[in-house]
1. Within the set B:LYS11/B:LYS59; A:LYS177/B:LYS42; B:LYS59/B:LYS209, which residue pairs have Cα atoms separated by over 20 Å?
2. Less than 19 Å apart at the alpha-carbon level, and either on another chain or at least 8 residues along: which aspartates and glutamates does that give for B:LYS179?
3. Mind giving me the FRET efficiency for B:ARG123 and B:LEU84? R0 is 25 Å, r the Cβ-Cβ distance, nearest 0.05 is fine.
4. Can you give the relative contact order of segment A:109-263 as a percent, counting alpha carbon pairs under 8 Å and 6+ residues apart?
5. Please get the size of the charge dipole for segment A:67-127, origin at its Cα centre, with Cβ charges of +1 on Lys and Arg and -1 on Asp and Glu, quoted in debye to the nearest 20.
6. Hey, what do the phi angles of segment B:31-36 turn into as Karplus ³J(HN,Hα) couplings, whole Hz, using 6.51/-1.76/1.60 and θ = phi - 60°, x for Gly and Pro?
7. Using amide H atoms built in the peptide plane, which far-off residues or other-chain residues are under 5 Å from B:VAL19 H to H?
8. Roughly what % of DSSP beta bridges within chain B run antiparallel, to the nearest 5?
Amino acid sequence: MNAAAETRRMRRLEPTAIAGVMSREVANFRTYWKGTTFSSVMEPLVYLLAFGLGLSATLVDEVEGVPYIEFVGTGMVATAVIFSSALPAMFGTFVKHRFQNTYDAILAAPVDVEELVTAEMLWIGLRSGTYGCVPLLVTIAFGLNPAPGMLLTPLFCFVTALGFAGFGVAMAATVAKIDQFNYVTALCVTPLFLVAGTFFPIDGLPQGVQVVAQFNPLHQLVELVRGGAFGFEWADILRFAFLVGFALVTWRVAIRQMRKRLID
Amino acid sequence: MAAIELRDVVKTFGSITAVDGLDLEVPEGICLGLLGPNGAGKSTTMRLLTGQAIADSGKLRVLGHELPAEAKTARGQMGVVPQLDNLDVDVTVEDNLAIFARLYRVPDVGKAVDKALDIARLRERRRDAVDELSGGMRRRLLLARGLVHEPRLVLLDEPTVGLDPQIRTELWTLIGDLKARGTTILMSTHYIEEAERLADEVAVMHQGKVISRGRPMELIDEHAGRQTAEVYGPPDRLAKTRAEAESQGLAVRAAGPAIAIVGSERADGAIPEDAVVRAATLEDVFVLLTGEEAE
C-alpha cells in the first residue's frame, strides 16, 4: 500500500476510480467487440436497404428536399444510439448486479456508487458515440455528401447516449425482475424510437404528438445529425442543451436508484 | 490502535435485526475468526465494514477511519475476499488482477499483478480466461485479487464455503502465509476446523452479537472443560443418560446418532463405561453457545 493513498482522504468523483471501472469495461469489451461491431454495421445496412432503397424505389422519392435514403440514413444514427446505449445499460447493469455480483466486487474497492455509475455511463456513451456514427458512414457510401458539420455527430451521439445510459442504469436499479424490461422497452424505448423522425418527418403527425416529440431526446438527436449533414439552424443550440440536460438528469437519477439498490 | 472497532452497532432490515448491539475490536496483526451459524450476522458485519451497508446506530472505525463517512478511504487500505466468486470470467487472469490494481490506485500495476500471480500460483495461466481455470485456481485468484494492493487489513467472508477439502486446504495454506506476514485478518466462517486452524482468536457470533470471544483453547476451557463423552445407543438409553448428566449440571448436546456430555471429567457416575471419551473441542463450544449444529 503506498503512503499517499494511506493518508489521503479520498474525494468524490475521482478520475482514477472512474478510469479503473472503465478499464474493466475495456477488458471485457476486448472479448466481445467483434460481434458488437458486426451487428452495429449490419443493422443500419439492412435498414437502409429495406427502408431507404425499398421505399425510395416504390413510394417515397424525397422528404423535406432530401433523397429518402439520406433522410433515413441520417435518422438511423438515433436508432443506433438508443439500441447501443439504453439496452446495454439496462441488461448489462442488471446482469452485473444480480447475476455476476460485479458491483459488490467493485464497491469493496475504494470506489463509490457515484463513480461506478459515472464510469458505466461514460463507457456506454463513448462506445455508443462511436457506433452511432456507423449509419452515417454507411449512408455516405450510399451517396450522401460529406459535410463539415458531420464531424460533430460523435459528440451529439455521445451526449445522447450518456442520457440513455443513465436511463438504462436507473431502470436496471428499479425493476425487480429482468422480464420487467419488456414493459420498459414497449412503453419507452419503442415509442421514442418510432417518434424520433427517423423514418418520417414528425410534422405530419397530430399536433399533440408533435409537441410530445419535442421532448424526445432521439428526435433532438435526429435533428442535430441532419443539421450536421444538411445545414444547422439556431434552434440546434437549444436541441444540444436539451440533450445535455437529459444526460445530467438521468445521471443523478441513476446514481440515486443504484445507491438504493447497492447500499443496504 | 485497533484495526477494527465496532461499538454498539445495530443494523436492521425491516423487522429483522441482523446486527444487534455488536461490540467488536480487532487489534492489528491478528487473525480473528468470526464464527457463527448462518444468519448470525457475519456477512452483514462484513458489509458494514466495507460501507456497503450503513448501520442504523453505533460507531464503526476501520484503520482509524470513521464509517460510513470515510468508508472509501478505509477501503483503499483493506482487501476483501468475498464469499461468492465475482471474477470477470471472460477476461484473462492478469487482467482481472490489473483492473483491481487500478481500482486500488497501485502505482506499479505490472509489478503488483506479478506479485499477486505468485501468491495465487497462477503465473503460467496469466493469459488464460478465468472460465478456463479449475475451481481451486479461481478461488486462489479471488484471494490474490483481494491482496493485489498489499492491504493492511483483509476481510475474508466465508473464504472456503462450498469448496471441496483439497481446495480448502490450499486456501488455508495461502491464508496461513498471509497471517505469517503480519496482515490483520477478519475471517467470517461457519466451519469450526477453519476457525481452529487459522484464527488467533475466535469471536462466536449469534443473533447479531458476539456472545463469547477468546483464543480457541481458552474458549474450550471456559465453556466445555477438558473432556467430552459421546454416548451411543437406543433412544431410551440416551434419554436416561442425558437426564442423569443434566441432573449433575453437565451440558449435553446432540451429536448425530449420539449424545455428547460436555465437561465429562466433572461427571460423577453419569458416564456409561462404553462412552467414547475425547478432548473437548471448539465444536462443543459452538453448539453449546449457539444451539446450532456445527459444520
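Any read-out appearing in this document is the output of simple, stated calculations on the displayed coordinates, not a laboratory observation. These numbers come from a predicted model, not from an experiment. Neighbour counts run over all protein chains shown; Cβ positions are idealised from the backbone, glycine included.
1. Beyond 20 Å: A:LYS177/B:LYS42.
2. Answer for B:LYS179, where 19 Å is the Cα cut-off: B:GLU25, B:GLU28, B:ASP118, B:GLU150, B:ASP157, B:GLU158, B:GLU170, B:GLU193, B:GLU194, B:GLU196, B:ASP200, B:GLU201, listed by chain and number.
3. Working: r = 26 Å, r/R0 = 1.02.
It comes out at approximately 0.45.
4. 37 percent
5. Dipole magnitude for segment A:67-127 comes out near 240 debye.
6. Running phi through 6.51 cos²θ - 1.76 cosθ + 1.60 with θ = phi - 60° gives 10, 9, x, 9, 9, x Hz.
7. Those lying under 5 Å, H to H, from B:VAL19 are B:LYS11.
8. Working: 36 of 54 bridges.
Taking every DSSP beta bridge within chain B, about 65 percent pair in antiparallel fashion.
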